[in-house]
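Below: the structure, in structure tokens.
Read the figures in this text as sums done on the coordinates, not as results from a lab. All figures in this text were calculated on a predicted structure; none of them were measured in a lab. Positions of Cβ are generated from backbone atoms using ideal geometry, with glycine treated the same way; all protein chains shown enter the neighbour counts.
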Amino acid sequence: MTKYKLSRKAWAIVACMLLASFWVSCKDDLGAVGLGVLPKGDIIYSSEKTDKNIQAYTQTVNSVETERAGSYLLGCLNDPHVGKTTADFAIQMRIPGHPNFEKDAVLDSVTLTLPYHEVYGDTSVLVPPLSQPMRIRVHELSQDLDYDHKYPSNTDLNSMSKSESLIYGASYFEYRPFMRWDDRTTKYYKQIQTIHIRLSDEFGKRLMAIDSTQMLSNDRFVKVFKGLHISVDDQNSGKSSLVRINPSLSTTNSSSVTTTESFEIRLYKKSPTSGRTDTIVYYTVGQLSASVNHFAHDYSKTRFANKLNNEAEVDSFIYVQPMAGLRSKINIPNLKNWKDSSNIIINKAKVTFFVDTTKNSIPDLINSVNGNKFNGIANFNIPDSLQLLPLDKNGDPYYPRDYIPSSSYYSTNLLVYGGHYNNTAGVRSYSFGITKHLQDIIDNKVQDYGFVLVVPYAAVEDKRVVLEGPKNNRGIRLDVVYTKYKTKPTLSSQ
């Protein structure tokens, strides 16, 4: 018999091949417990099951907490699939330093700047008919905002505002949001846009007339000037959109020149000696500015209006929307059957929701239409991720043991739990690993009261998604890989 002796280099190649094979087999395991680490002597059998007997219903969300959001949604959006959403907000303005108004200083003008670079919905860059312009209204707050108070998104901001318009010579300001198209990359790109609104001279004079002692600190200043309420008029039909207003945005051009736009009031005053407008006083949005975003929804004209909040009505689609909008209640009846199983180890459990490609804007699908341009198709992109959360006996959601928070978006822990959008053609889905949670149900550590499917960061996120429901062809599926033992081994609780 001929014997062959492998060189060190050959052994290294073999080792790399084995390692690569192991990685490929495990990279989609979403929390799988490897059979190789479990005792084999007592194994009766290993198997897998796919469960499509899953119930799903669309529900409304009462409110979300929106204080300290870091960005502020504004607009009235008519979504063809999830109805109308209106967003307005109230915010404190602060002084970076003590304004130095000369005794005889004269007001020139006062403006409000609102920077943004994200638009959700229809934008005026698309082919006609163009989106309707926003009618933006600006009012002064009549009530204090408290930085430490938790403000729900259904807070009535109109009752906290003065009726007098702060806009120069008008009750509203018309503005049409837009995004810029880049023919080189065939994509829309985020270039900073700024809404400039001239405010009334009377308002500017009131700012200049504030007693100097009231501007020695921001705590004193916000008691005199409580802040702004910025809203838009209702739009019952037609193209419309939401914009995300940021405290500050910066961009750097090809010449390495950086431009920064800030959310601020700019007060221009004339020099009492020269008569020239040579001084600007800024009132800004800072890290300690209290704020609250208000959201309102109207689902009366949607196809699912009569099925909303009704667990007796199973639909072909389910809807998930942030901004205190919509969530999906998920029931998996057969989980109770797993609880009755003895000596079972769950090696892997994964729940998958499929995206409906006809009711969402899928970028790689849209960009292939008519020369890689949207050609009038609305910008309703879907969320980068969703969260599937179990419910306790009181109906409150909590994080399953499979979810371990991490500061890294693509950390190992979050990849185990899942929830990120899979844009693979033919798949286009969100999947969640609930391996430990299902094991906890079997071991009677938790009870099954169903789940809710939600958009994370719902106070600042604007993207929604329409998913295939139980009556659809693919529906919702639970895939379970498990092992049956004579004597169940003890597993780590981590």
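General remarks:
- What the phi angles of region 474-483 give under the Karplus curve with 6.51, -1.76 and 1.60, with θ = phi - 60°, is a coupling list of 7, x, 10, 9, 10, 10, 10, 10, 9, 10 Hz, glycine and proline written as x.
- Straight-distance crosslink candidates among aspartates and glutamates, where the alpha carbon sits under 17 Å from Lys307 and sequence neighbours closer than 8 are dropped: Asp298, Asp315, Glu468
- Taking other C-beta atoms within 10 angstrom as a stand-in for reagent exposure, Val320, Val61, Val285 fall in the order Val61, Val285, Val320, fewest first.
- Two-site label geometry, Asn100 and Val314: point separation in nm, points 7 Å out along Cα→Cβ: 7.4 nm
- Karplus-derived HN-Hα couplings along region 191-197 (A = 6.51, B = -1.76, C = 1.60, θ = phi - 60°), whole Hz, x at Gly and Pro: 9, 5, 10, 9, 8, 10, 10
- Under the Debye formula (equal points on every Cα, no solvent term), log10 I(q)/I(0) of region 72-289 at q = 0.10, 0.13, 0.14, 0.15 Å⁻¹: -0.50, -0.83, -0.95, -1.06
- Of Arg474, Arg137, the sequence from fewest to most neighbouring Cβ atoms within 10 angstrom is Arg474, Arg137.
- Basic side chains Lys and Arg get +1 at the Cβ, acidic Asp and Glu get -1 at the Cβ, and with that the dipole of region 72-289 about its Cα centre reaches some 320 debye.
- Cut-off 11 Å between beta-carbons: net charge of the residues surrounding Lys150, Lys and Arg +1, Asp and Glu -1: -3
- Relative to its residue count, region 292-333 spans a Cα convex hull of 88 Å³ per residue.
- In terms of other Cβ atoms within 10 Å, Glu102, Glu264 run from fewest to most in the order Glu102, Glu264.
- If you plug the beta carbon distance of Glu174 and Ser300 into 1/(1 + (r/R0)^6) with R0 = 30 Å, you get a FRET efficiency near 0.65.
- Net length gained if the chain between Asp146 and Asp42 were fully extended (0.36 nm per residue, minus Cα distance): 31.3 nm
- Entry for region 243-347 at q = 0.11, 0.20, 0.21 Å⁻¹: log10 I(q)/I(0) = -0.76, -1.14, -1.18, Debye formula applied to identical alpha-carbon scatterers, no solvent contribution.
- Over 32 Å between alpha carbons, listed pairs Lys226/Lys393; Lys84/Lys339; Lys150/Lys393; Lys436/Lys463; Lys339/Lys471: Lys226/Lys393; Lys84/Lys339
- Inter-label distance for Lys162 and Arg198, nm, one decimal - labels placed 7 Å from Cα along Cα-to-Cβ: 2.1 nm
- Rounded FRET efficiency, nearest 0.05, which uses the C-beta distance separating Lys486 from Asp233 and R0 of 60 Å: 0.30
- Full-stretch length increase - Asp392, Ile280 - with 0.36 nm per residue and alpha-carbon distance subtracted: 34.8 nm
- Nitroxide proxy distance, nm - points 7 Å out along Cα→Cβ at Asn472 and Gln191: 3.6 nm
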